[in-house]
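Here is the structure we will look at, set down as structure tokens.
Here, each number is a calculation from the coordinates, and none is a lab measurement. Everything numeric in this text was worked out from a predicted model, so none of it was measured. Cβ placement follows ideal geometry from the backbone for every residue including glycine, while neighbour counts extend to all protein chains displayed.
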Ligand code: ATP
Ligand code: MG
């Protein structure tokens with residue numbers, strides 16, 4: 001069990017002005033920010049980040065969406081971080097997300113779903129390394 005996960009606030013949420021509210025909810029849920037940056041992905045970077053979905057029919061739509069505005073990338077720390085963060089954000093499809101979850105509150109659709117959360121300890125480490133150097137985290 002790891003105590004770290006990785007998140008991105010996605011372009012739909014940054015474009016709609018939800019960044020502050022989402023960060024507030026994450027911090028109030030007990031996560032500590034260990035690294036953070038506000039940036040905009042290139043098409044190549046978005047494709048690499050979601051490389052596991054390259055063969056899926058929605059891959060190009062996903063990449064186009066992920067480059068449609070800025071994102072906030074962050075490494076978060078909390079006991080049981082990966083599982084607890086997935087609970088906090090809710091189901092991939094906001095229509096199926098629990099009341100009070102970030103996706104229920106801020107996501108519009110399965111494609112434009114406001115936040116990313118790592119699905120395993122291994123991927124949390126890989127995704128954190130994708131965005132942050134040793135100098136940029138603690
Ligand atoms: P994320 O990895 O972003 O946290 P997730 O783990 O809940 O989301 P995945 O199955 O990993 O869901 O899908 C990655 C992303 O691809 C989703 O968050 C969503 O933006 C997009 N996506 C997934 N399924 C669909 C779909 N059927 N149509 C359009 N986009 C989709
Ligand atoms: Mg995923």
Taking 0.36 nm per residue of separation and subtracting the Cα-Cα distance, what length does fully extending residue 121 through residue 33 add?
30.0 nm
Using a Förster distance of 35 angstrom, determine the FRET efficiency expected from the C-beta separation of residue 44 and residue 92, and round it to 0.05.
0.90
When the chain is treated as a Gaussian network with springs between alpha carbons less than 10 Å apart, the largest mean-square fluctuation among 16, 78, 37 is found at 16
Only Cα pairs under 8 Å and at least 6 apart count here; give the relative contact order of region 4-133 as a rounded whole percent.
39 percent
Let me have the 222 nm mean residue ellipticity of the chain computed from DSSP H runs of 4+ only, each contributing -39500 (n - 2.57), with the sum over all residues rounded to the nearest 500.
-10500 deg cm²/dmol
Highest GNM mean-square fluctuation, the chain, Cα pairs closer than 10 Å: which of 95, 13, 107?
95
Cα→Cβ-extended label distance, 7 Å offset, between residue 58 and residue 105, nm:
2.3 nm
Only counting other Cβ atoms within 10 Å, I'd like 41, 88, 48 sorted with the fewest neighbours first.
48, 41, 88
Name the residue, out of 84, 12, 64, whose mean-square fluctuation peaks in a Gaussian network model built on the chain with Cα pairs under 10 Å.
64
Just the Cα atoms of region 4-133: what Rg and Dmax do they give in Å?
13.4, 37
